[in-house]
Amino acid sequence: MRLLANLQQRLFRWRSDGTAPLRLGQRRIFILPTRAGLLFAAALAVMLIGAINYNLALGHALVFLLAGLGLTGMIHTFRNLFGLHITPGRCTPVFAGETALFPLLLANDRPTTRLALELTAQPGLPVNTALAPLASATVAVPVTASRRGWLELPRVRLASRYPLGLFVAWSYLQPAMRCLVYPQPLHSPLPAPSAESSGGQYSGDGGQEDFAGFRLRLPADSPRHVAWKASARDGGQRPLQVKQFAGGAELELQLDWALTDPGLSAESRLSQLAGWVLAAEAEGHCYGLRLPGQEIRPASGGRQQQLCLETLALFPT
């Protein structure tokens with residue numbers, strides 16, 4: 001088994017460090033007849049036996065004509081992959097449970113079209129494409145991201161049955177590509193804001209300048225911020241609401257591991273934190289992240305969200 005694995009690695013390894021472009025040469029392309037090709041060969045054999053038995057000159061001519069057509073198709077199937085240039089791209093992070101897309105740039109340096117190209121990294125998820133003469137195209141190879149962390153691109157099979165479907169030519173690609181998978185977000189209410197904000201004063205309702213609406217009351221909110229009149233109109237049928245104001249000090253949240261549900265598994269607690277990060281960013285809060293042995297200072301914006309999600313994705317449990 002080890003000898004076979006070493007042989008496959010030497011045959012299918014990507015040139016250089018796995019990031020440089022690769023050109024498919026004849027030593028990297030394999031070709032075999034398909035089921036249709038085997039049936040075609042069997043039919044030719046039966047026709048040849050009949051032509052010999054009945055001494056049919058036209059039968060011989062038809063058999064050799066079809067055999068030459070099959071061999072020509074085999075050459076074109078091989079040439080459809082030969083000389084193709086493949087360059088790995090950069091992956092966009094995804095959440096666990098989604099499909100990661102690994103971009104590969106295919107370049108055609110020939111003045112003829114390359115048709116019916118099929119790339120498969122995971123069974124059941126093939127991608128078909130074609131290349132115009134002297135053109136290139138980026139193909140996103142899908143792989144299911146089942147869990148968080150780094151997802152390595154498995155071996156990709158690039159195949160073609162063009163033009164007759166009698167032969168299949170293929171090559172194995174193993175570029176050094178990986179995609180970062182964030183924890184699957186678990187949506188739950190945000191924790192109570194911290195007692196300090198970026199302005200140095202507590203602001204349980206996000207400022208005291210312009211009225212911006214209502215939100216559900218959190219345990220840390222002061223009773224004097226509760227909208228008692230609005231709650232009285234509801235007859236006590238709904239949870240208490242708190243007035244929100246725009247302006248003033250920015251609301252600061254501390255997304256702490258200790259605030260997650262201790263009854264959940266470690267992966268579920270990370271998913272809960274990921275959901276909090278998305279919710280805090282969507283609501284425009286200033287938020288920080290605190291994990292055992294790691295802490296990210298409060299901030300806001302896309303860079304803060306990316307940093308927090310990356311930390312959750314790579315957190316060891």
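The values are calculated or read from the model by the stated rules, or taken from the named source; none is laboratory data. Note that the structure is predicted; figures quoted are calculated from it, not measured. Virtual Cβ from ideal backbone geometry, glycine too; neighbours counted across all protein chains shown.
Below are the figures for this structure:
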{"read-out": "Candidate set from the stretch 86-117 (those that are part of a loop (DSSP other than H, G, I, E, B) and of a type in the set (S, T, N, Q)); member that is surrounded by the most Cβ atoms within 10 Å (Cβ to Cβ)", "value": "N108"}
{"read-out": "Boolean, G73 is crowded, with 16+ Cβ neighbours inside 10 Å and at pLDDT below 95", "value": "no"}
{"read-out": "Residue in the stretch 21-39 that is touching a strand residue (DSSP E or B) at 6+ places or on another chain (Cβ under 7 Å), within 30 Å of G275 (Cβ to Cβ) and outside any helix (DSSP H, G or I) present", "value": "no"}
{"read-out": "Candidate set from the stretch 159-181 (those that are within 24 Å of A100 (Cα to Cα) and of a type in the set (A, V, I, L, M, F, W, C)); member that is surrounded by the fewest Cβ atoms within 10 Å (Cβ to Cβ)", "value": "A176"}
{"read-out": "Conditions (1) assigned to a loop (DSSP other than H, G, I, E, B); (2) at pLDDT 95 or above; number of the one not met by C308", "value": "(1)"}
{"read-out": "Matching entry among G302, G288, G275, G284 (being of a type outside the set (S, T, N, Q) and at pLDDT below 90)", "value": "G284"}
{"read-out": "Residue within the stretch 226-247 that is at pLDDT below 95, part of a helix (DSSP H, G or I) and among the hydroxyl-bearing types (S, T, Y) present", "value": "yes"}
